[in-house]
């Protein structure tokens with residue numbers, strides 16, 4: 001007679017995923033194993049199969065299916081399974097879900113089990129022993145056959161470090177099938193505030209049938225090759241709710257000694273049973289520790305399910321200067337997927353040596369919220385390393401700013417009952433492989449959500465291969481004044497705005513000991529809406545690498561309307577007599593506001609100072625002034641002398657750009673034979689009192705008798721007001 005047990009008392013652990021073995025139909029006597037080793041037959045038409053096996057270092061999860069080809073129901077309570085190995089060991093298999101034990105004719109049903117194993121078991125050593133309960137046998141089991149675990153193991157599962165933890169072991173209020181399958185992500189060793197930490201990412205997949213959070217009693221630590229233990233904490237993901245059959249990422253943070261060897265380090269899961277540590281599983285970190293070479297893509301670990309984002313350190317350049325080694329690394333974020341993806345907030349830190357020195361670098365460039373498919377965005381991270389440091393030996397840690405939400409409960413009440421449930425011989429009863437199961441009821445709670453802002457390491461890049469930056473003068477591209485400047489950094493200038501250099505002249509100020517160069521930039525709004533006028537940061541670089549920063553005129557318009565153009569002047573103070581007027585410079589357009597240190601070049605262009613020809617036609621973009629005639633005279637009236645410059649001009653507005661009161665002015669200086677300025681008059685090309693085509697007089701009054709000189713000359717300047725003072729360019733001299 002077959003004895004039917006009221007319950008099956010078993011142990012703990014969990015489940016996983018993947019492949020289903022194939023079944024070849026056959027007619028075999030009851031109890032014989034199918035020839036292919038993938039089915040155990042209980043009749044000619046009904047059989048057991050094995051699928052969805054997942055093996056970790058200390059546990060096995062699998063699914064057993066009953067295929068009922070007979071004309072009456074099969075009661076699974078009459079059968080059982082256990083795990084055995086080739087050495088003769090057996091392990092209790094525990095049902096990880098509550099499900100009906102009755103399988104109706106022509107139907108099939110699958111039941112998920114897990115078993116705790118000794119460490120070192122492999123899939124090839126393990127089999128699932130299928131038996132029928134039989135009181136006539138010494139062990140109460142009539143062994144029907146065995147199913148090999150290796151044939152049901154998920155593809156690639158054996159190569160992925162995984163640990164399956166039954167959460168009910170830690171928290172008895174959770175459901176029987178509350179279990180998580182942990183898989184290792186990357187581990188990175190980083191320095192923060194002079195101390196070393198190991199960040200380890202683990203993916204946790206919920207193998208149960210209901211949502212679950214990490215129990216407070218589940219703890220984590222690192223164990224090194226010498227048995228030293230380092231407690232870990234959850235840096236991100238502590239409040240995560242894991243949905244059934246879905247995975248999410250948890251990041252662990254462990255303070256470590258800087259002398260700690262990384263070989264032989266493992267991650268251990270454990271809980272405290274009164275004062276005793278109970279280990280639930282461990283994972284070797286040898287394959288998890290990662291650093292990445294320059295110009296090598298790595299998967300962005302912070303992306304959402306379904307996204308295909310990658311990051312790489314595209315290049316690192318450095319320059320040895322008096323205050324240290326100036327270094328810049330460009331990090332590229334790419335969206336290789338088919339859907340738009342959110343752009344994360346990154347910053348970086350340069351790690352130098354084992355002292356824990358870390359130099360933070362930020363890029364605060366304004367970016368879009370999302371990155372479209374097949375698009376990229378670049379981050380520029382600048383820092384000054386200590387003198388003598390070789391950047392090739394440094395590391396760049398890419399960090400992401402994060403927020404972690406967790407719920408704090410208030411006024412929660414809960415009651416739970418552990419009921420011993422007997423299984424019945426009837427097909428309608430639910431099967432249970434345990435003497436008890438927990439039912440949570442009458443639970444109510446209120447929770448406040450707390451959000452913690454933190455930071456997570458994304459990758460550690462080795463900077464071996466960093467190259468010394470070349471002088472911008474030698475790398476500048478050829479450029480024709482008046483053509484569009486093709487800028488590589490869209491954060492500097494709106495993509496709908498064209499920028500061109502339309503004028504670049506210089507004038508030596510002998511008395512002041514420097515030369516003034518004035519450049520005019522034309523901004524054109526090709527868009528359909530009004531935008532803010534960009535503030536173009538720029539410099540002129542000479543052949544020796546010297547930099548001369550451009551200073552923008554003091555007053556400019558703030559808005560650029562659609563379809564309009566506007567001219568802005570910049571001045572540069574250059575050494576006197578250093579070169580001829582036709583010297584070639586490199587014009588470098590850069591951004592130094594978005595980065596924490598140094599600057600980010602958006603383009604470097606070869607430009608030459610335009611010669612001021614001794615001509616009667618004067619170019620003051622966008623105007624052209626032709627001097628048809630000129631003369632100087634002096635007048636005496638009522639005891640006062642005056643100088644008068646008589647001009648006949650043709651003034652043409654050559655290019656249709658907006659000109660307002662901020663445009664550069666024209667200054668006339670009366671200079672005597674001794675080089676002294678005896679009088680000044682200012683005019684404009686726009687607004688009240690502007691110079692116009694035709695005859696006009698420029699008069700300087702109130703001269704003293706001793707200031708009257710027959711050798712007087714009049715210098716005509718273009719003048720712009722800058723925060724550093726007035727910048728003047730000599731454009732014409734009248735005798």
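The values are calculated or read from the model by the stated rules, or taken from the named source; none is laboratory data. Since this is a predicted model, take the numbers as computed values, not measurements. Cβ sites come from the backbone with ideal geometry, for glycine too, and all protein chains shown count toward neighbours.
Things to note:
- Criterion (assigned by TED's automatic domain parsing to the domain that holds residue 729, surrounded by 14 or more Cβ atoms within 10 Å (Cβ to Cβ), touching a strand residue (DSSP E or B) at 6+ places or on another chain (Cβ under 8 Å) and part of a strand (DSSP E or B)) met by exactly one of 663, 668: 668
- When residues of segment 90-106 are limited to those that are part of a strand (DSSP E or B) and modelled with pLDDT of 85 or more, the one surrounded by the fewest Cβ atoms within 10 Å (Cβ to Cβ): 90
- Hits in segment 231-246 (condition: surrounded by 17 or more Cβ atoms within 10 Å (Cβ to Cβ) and either in contact with a helix residue (DSSP H, G or I) (Cβ under 7 Å, 6 or more places away or on another chain) or not in a loop (DSSP other than H, G, I, E, B) (or both)): 234, 235, 236, 242
For every residue, the table says whether it meets (1) modelled with pLDDT of 90 or more; (2) crowded, with 17+ Cβ neighbours inside 10 Å; (3) farther than 29 Å from residue 222 by Cβ.
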{"site": "172", "(1), (2), (3)": "no, no, no"}
{"site": "176", "(1), (2), (3)": "no, yes, yes"}
{"site": "187", "(1), (2), (3)": "yes, yes, no"}
{"site": "198", "(1), (2), (3)": "yes, yes, no"}
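- Screening the candidates 614, 628 for the property of being closer than 30 Å to residue 699 by Cβ and not in a strand (DSSP E or B) yields one hit, 614.
- Of the set (1) in contact (Cβ under 8 Å) with a residue 12 or more places away in the chain; (2) on the phi < 0 side of the Ramachandran plot; (3) more than 24 Å from the chain's Cα centre (by Cα), all apply to residue 304 but (3).
- Output for segment 470-489, where each listed residue is under 26 Å from the mean Cα position of the chain (by Cα) and buried (at least 16 other Cβ atoms within 10 Å of the Cβ): 487, 489
- Some residue of segment 44-53 being modelled with pLDDT of 85 or more, more than 48 Å from the chain's Cα centre (by Cα) and part of a strand (DSSP E or B): yes
- Hey, residue 87 assigned to a strand (DSSP E or B), outside the structural domain of residue 280 (by TED's automatic domain parsing) and either within 16 Å of residue 55 (Cβ to Cβ) or at pLDDT 90 or above (or both) or not: no
- Here residue 133 meets each of (1) within 21 Å of residue 88 (Cβ to Cβ); (2) surrounded by 15 or more Cβ atoms within 10 Å (Cβ to Cβ) with one exception, condition (1).
- Candidate set: segment 683-692, residues that are in contact (Cβ under 8 Å) with a residue 24 or more places away in the chain and surrounded by fewer than 13 Cβ atoms within 10 Å (Cβ to Cβ); chosen: the one farthest from residue 642 (Cα to Cα): 687
- Among residues of segment 279-299, those that are touching a residue at least 40 places away in the same chain (Cβ under 8 Å) and not in a loop (DSSP other than H, G, I, E, B), counted: 8
- Hey, residue 687 over 30 Å from residue 501 (Cα atoms) and assigned to a loop (DSSP other than H, G, I, E, B) or not: no
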